[in-house]
Amino acid sequence: MNRMRKTVARLMSESKKSAPHFYLSMEVDMEAASWLLDDRNNARHTRISVTALMVRALAIALGEHPEINVHVLDEVPVPREDVSVGIAIATEDGLIAPALLDCSELSLEEVNDGVADLVERARGGRLRGRELTGASFTISNLGMYDVSAFTAIINPPEAGILAVGGIVETPVVVDGQVTVRPRMRITMSCDHRVIDGAQGARFLQTLQGMLEEPTAILL
């Protein structure tokens, strides 16, 4: 096991021991968001990824729910003045979660370019110091591997992490009729020392609402 994998293993073990995890899952109808991505990507040379869409939505939601955008220090929630979303990235040396710093005011296109840049530099070993430690909340997306749902371990000192599954064509009932819609499951791991069930649920409802009616994501 190399040094990075040993470090990740130690941090994740400490997280599970010190932070009482609980998990909240929600399904999201991604039809409107898929149309949005298709429309934007038809006009771009570089495709906007689902991860970028999720980071943009997450940044907005964290701004609306400052009780989630905290670090837990000595079991006390310390509010973050910035919104900096960590993105879990698999590299040859192991998993790393650098932050897209101060991203609450970035457009969807700017977030997409920033995520692509982080991935490239993470895999090339060219990340900057604050990017490695500056996340206020992290997202892990395994949908591109056909994973439908999973739970993630909180990256301390953050208070939560969002796990994103793949978009799956699913039969659902809409207006009393069975139809097929693109659905995605999101699962939030919460540190119960500072986030309770109702707070986490409201946060997921905000995310769900933005993704199902994604006008705010474009602003």
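The values are calculated or read from the model by the stated rules, or taken from the named source; none is laboratory data. Because the structure is predicted, anything quoted here is derived from the model rather than measured. Here the Cβ positions follow ideal geometry from the backbone for every residue, glycine too, while neighbour counts run over all protein chains shown. SASA here: full protein model, heavy atoms, side chains in, ligands and nucleic acids out. Shrake-Rupley method; radii C 1.70, N 1.55, O 1.52, S 1.80 Å.
When the range 170-184 is filtered for residues that are part of a loop (DSSP other than H, G, I, E, B) and open to solvent by 70 Å² or more (accessible area, probe 1.4 Å), only Asp175 remains. Restricting the range 1-39 to residues that are under 30 Å from Thr179 (Cβ atoms) and of a type in the set (Asp, Glu), the residue that is surrounded by the most Cβ atoms within 10 Å (Cβ to Cβ) is Asp29.
Filtered by the rule that a residue be open to solvent by less than 40 Å² (accessible area, probe 1.4 Å), touching a residue at least 40 places away in the same chain (Cβ under 8 Å), in a loop (DSSP other than H, G, I, E, B) and not β-branched (Val, Ile, Thr), the range 70-106 gives Asp82, Ser84, Ala88, Ala97, Cys103. When restricted to residues that are of a type in the set (A, V, I, L, M) and open to solvent by less than 20 Å² (accessible area, probe 1.4 Å), the range 195-219 contains 6.
Checked across the range 63-76, the condition of being under 24 Å from Thr46 (Cβ atoms) and not hydroxyl-bearing (Ser, Thr, Tyr) holds for no residue.
For (1) without any contact (Cβ under 8 Å) to a residue 40 or more places away in the chain; (2) open to solvent by 60 Å² or more (accessible area, probe 1.4 Å); (3) part of a helix (DSSP H, G or I), each residue gets a yes or a no:
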site: Gly165; (1), (2), (3): yes, no, no
site: Val168; (1), (2), (3): yes, yes, no
site: Ile186; (1), (2), (3): no, no, no
site: Arg193; (1), (2), (3): no, yes, no
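Looking at (1) farther than 22 Å from Pro156 by Cβ; (2) hydroxyl-bearing (Ser, Thr, Tyr); (3) out of contact with any strand residue (DSSP E or B) (no Cβ under 6 Å at 6 or more places or on another chain), can you tell me which one Ser15 breaks? Only one criterion is unmet by Ser15, namely (1). Taken over the range 110-132, the criterion of being open to solvent by 50 Å² or more (accessible area, probe 1.4 Å), closer than 26 Å to Arg44 by Cβ and in a helix (DSSP H, G or I) is satisfied by Glu110, Asp113, Ala116, Asp117, Glu120, Arg123.
Any idea which of Arg3, Arg40, Arg56 is modelled with pLDDT of 95 or more and of a type in the set (Lys, Arg)? One residue alone meets the criteria, Arg56. Which of the following residues is more than 24 Å from Ala99 (Cα to Cα), out of contact with any His (no Cβ under 8 Å at 6 or more places or on another chain) and of a type in the set (A, V, I, L, M, F, W, C): Val172, Val164? So the residue among Val172, Val164 that is more than 24 Å from Ala99 (Cα to Cα), out of contact with any His (no Cβ under 8 Å at 6 or more places or on another chain) and of a type in the set (A, V, I, L, M, F, W, C) is Val172.
Which one is nearest to Pro20 (Cα to Cα), of the residues in the range 145-158 that are open to solvent by 20 Å² or more (accessible area, probe 1.4 Å) and small (Gly, Ala, Ser)? It would help to see each step written out before you state the result.
First pass over the range 145-158, keeping only residues open to solvent by 20 Å² or more (accessible area, probe 1.4 Å): 145-151, 153, 155-157.
If we keep only those that are small (Gly, Ala, Ser) too, we end up with 148-149.
Numbers: Ser148: 24, Ala149: 21 Å.
Ranking the candidates gives Ala149 first.
For the range 133-144, filtered to residues that are modelled with pLDDT of 95 or more and hydroxyl-bearing (Ser, Thr, Tyr), the residue that is most open to solvent (accessible area, probe 1.4 Å) is Ser140.
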